[in-house]
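Chemist: Sharing a structure, written as C-alpha cells. Questions coming.
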Amino acid sequence: MALLETPACAMGTSAPAFQLTDVFGKAHTLDSARGPKGLLVVFMCNHCPYVQRILPDLVPALKEVQSYGIGVIAISANDANRYPQDAPEHMQTLATEQHFSFPYCYDETQAVAHAYGAVCTPDFFGYNAELELQYRGCFRHPVTKEISLLTAMNEIAQTGMVSFEQYPSMGCSIKWRD
C-alpha cells in the first residue's frame, strides 16, 4: 500500500467528457452528472484503507455537496481482475449498504481516470458551473481536520472558485492494468 499525493494541476482546466454506467446499470455523462452550480468527481474504490477510513464521513459530506447544487459522481478505475473487491458487484453492495446518494461508476477501460489525471484513491476534482477545475485537494485539512472538501465545494457553489490554499489528497495508487 504505497501512499501517493495528488499533483498540483492547472486550475481552470475544463472537465473531460465521459460516459460511464453506474453499478445499477444507469448511464451517466459529464452533462447528466453536473449540477447547476458545478460537479465533484471522486475517484475512489472499495478496498483502499484511505477511502475506508473516511467513508463514514464522506457519504454524508457528498450528500451535503449535492445540497449546494453541485452534482457528484464517484468512479472506481481499479483493475478488478487484480483487486476483486473493486469489481462492480462489490461496488453495488457498498453503494447499497452505505446509501450512496450519488452514482458509483466503474471505469473498466480506465480511460476516464487517465483523462482526469487521477492518481490515487481518494482523488477529488471540484468544478464550478462552467466545469472549470477549482479544487483538487484533500478531504480533511491536514492540521485542523475540518472537512476541506465541504468548504471548497460550498465556496465553488457560492462564488465559482476556492479562496484558500489547497492541500493534496493522499491515498493508494490507482491499480492500473498492465
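Chemist: Evaluated at 4 °C with a viscosity of 1.567 mPa s, what Stokes-Einstein diffusion coefficient in µm²/s does the chain have when Rh comes from the Kirkwood expression over alpha-carbon pairs?
Modeler: It diffuses with D of about 82 µm²/s by this estimate.
Chemist: Give the total of Lys-Lys pairs in the chain with Cα-Cα distances below 24 Å; include a pair only if its members are 8 or more places apart or on different chains.
Modeler: 4
Chemist: Along the Cα→Cβ direction, 7 angstrom out, place labels at Gln98 and Thr13. What is the inter-label distance in nm?
Modeler: 2.4 nm
Chemist: With every protein chain kept in place and ligands, DNA and RNA left out, what is the accessible area per residue of segment 68-178? Probe 1.4 Å, answer in Å². Show your work: numbers first, answer last.
Modeler: Working: 4700 Å² over 111 residues.
That works out to 42 Å² per residue.
Chemist: Over segment 58-175, what is the mean sequence separation of C-alpha contacts under 8 Å (at least six apart), divided by residue count, expressed as relative contact order in percent?
Modeler: It comes to 27 percent, rounded to a whole number.
Chemist: Another question, if that's okay. Please report, as a whole percent, how much of the solvent-accessible surface of the chain comes from carbon and sulfur atoms (probe radius 1.4 Å).
Modeler: 53 percent
Chemist: Is it possible to state the helix-based mean residue ellipticity at 222 nm for the chain, with each DSSP H run of 4+ residues giving -39500 (n - 2.57), the sum divided by total residues, to the nearest 500 deg cm²/dmol? What is it? If you can, show how the numbers build up before the last one.
Modeler: Values: 5 runs with 51 residues, N = 178.
The helix-only estimate for the chain comes to -8500 deg cm²/dmol at 222 nm.
Chemist: When the chain is fully extended, how far beyond the present Cα-Cα distance does Ala27 get from Thr109, taking 0.36 nm per residue of separation?
Modeler: Values: separation 82, 0.36 × 82 = 29.52 nm, distance 1.55 nm.
Net length gain for the segment: 28.0 nm.
Chemist: Picking from Tyr50, Phe102, Gly71, whose Cα lies most toward the positive end of the charge dipole for the chain (charges on Cβ: Lys, Arg +1; Asp, Glu -1)?
Modeler: Tyr50
The values are calculated or read from the model by the stated rules, or taken from the named source; none is laboratory data. All values reported here derive from a predicted model rather than from experimental measurement. Neighbour counts run over all protein chains shown; Cβ positions are idealised from the backbone, glycine included. Accessible surface areas use protein heavy atoms only, side chains included; no ligands, DNA or RNA. Shrake-Rupley method; radii C 1.70, N 1.55, O 1.52, S 1.80 Å.
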